[in-house]
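Step one of this worksheet: look at the structure below.
Read-outs throughout are calculated quantities, based only on the coordinates presented, and are distinct from any laboratory measurement. Quick caveat: nothing in here was measured; it's all calculated off a predicted structure. Cβ placement follows ideal geometry from the backbone for every residue including glycine, while neighbour counts extend to all protein chains displayed.
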Amino acid sequence: MKQREVYIGLGSNMGDRDANLQAALNLIRDIIDVQIKDMSSIYITEPWGNKNQEDFLNQVIRIETYLSARELLEELQKIEIKMGRQRTEHWGPRNIDLDILLYGNEIVDFPDLKIPHPYAQQRLFVLIPLEEINSEIVFPDSGMGIREVLIRVLGREDENLIKRID
């Protein structure tokens, strides 16, 4: 299998959010065949979907890996479980959330794994840190560049929903 450039979204809105992101990064670094190549700033963002919860800290990282998309998903889910993530409420509060946003230029469509992430092109907390890391990203499903997608979303959303904190 060839090495892929992959983007992962990290989010936390329970407990010590900074420590949760750092712990997840450390655990991702420990995955065999995964190298973290870049990371965005950390952003504080209002919750999406279910608004009745604490604000999130969000970050995007770029990794390189030989793992398949399915193998990477399994490793990320192990990290979420190890960190005590409880999946009790759709779009509910969580101490850690790890999402594969992009996996090379591939489109993956399984019942439990869709890449590009189905909501990636609608969420400022994904688009802004993604663009920070790589302003040349093109979404393989829509064919649109990150800047074009970001401009469209900024036309609908309030830019104040997200603030860079580091």
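Here is how the numbers come out for the structure above:
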read-out: Electrostatic dipole magnitude of segment 4-164 [Cβ: Lys, Arg +1; Asp, Glu -1; Cα centre; debye, to 20]; value: 200 debye
read-out: Mean residue ellipticity (222 nm) of the chain, computed from DSSP H runs ≥ 4 via -39,500 (n - 2.57), nearest 500; value: -9000 deg cm²/dmol
read-out: Under 5 Å, built H, 5+ apart or other chain: amide partners of MET144; value: PHE139
read-out: Residue order, fewest to most surrounding Cβ atoms within 10 angstrom, among ASP112, ASP30; value: ASP112, ASP30
read-out: Compactness index (Cα Rg / 2.2 N^0.38 Å), segment 4-164; value: 0.97
read-out: GluC sites (Glu not before Pro) restricted to segment 119-156 and DSSP loop, no more than 12 other C-beta within 10 Å; value: GLU136
read-out: Burial order of peptide ranges 23-29, 58-64 (average beta-carbon count within 10 Å, highest first); value: 58-64, 23-29
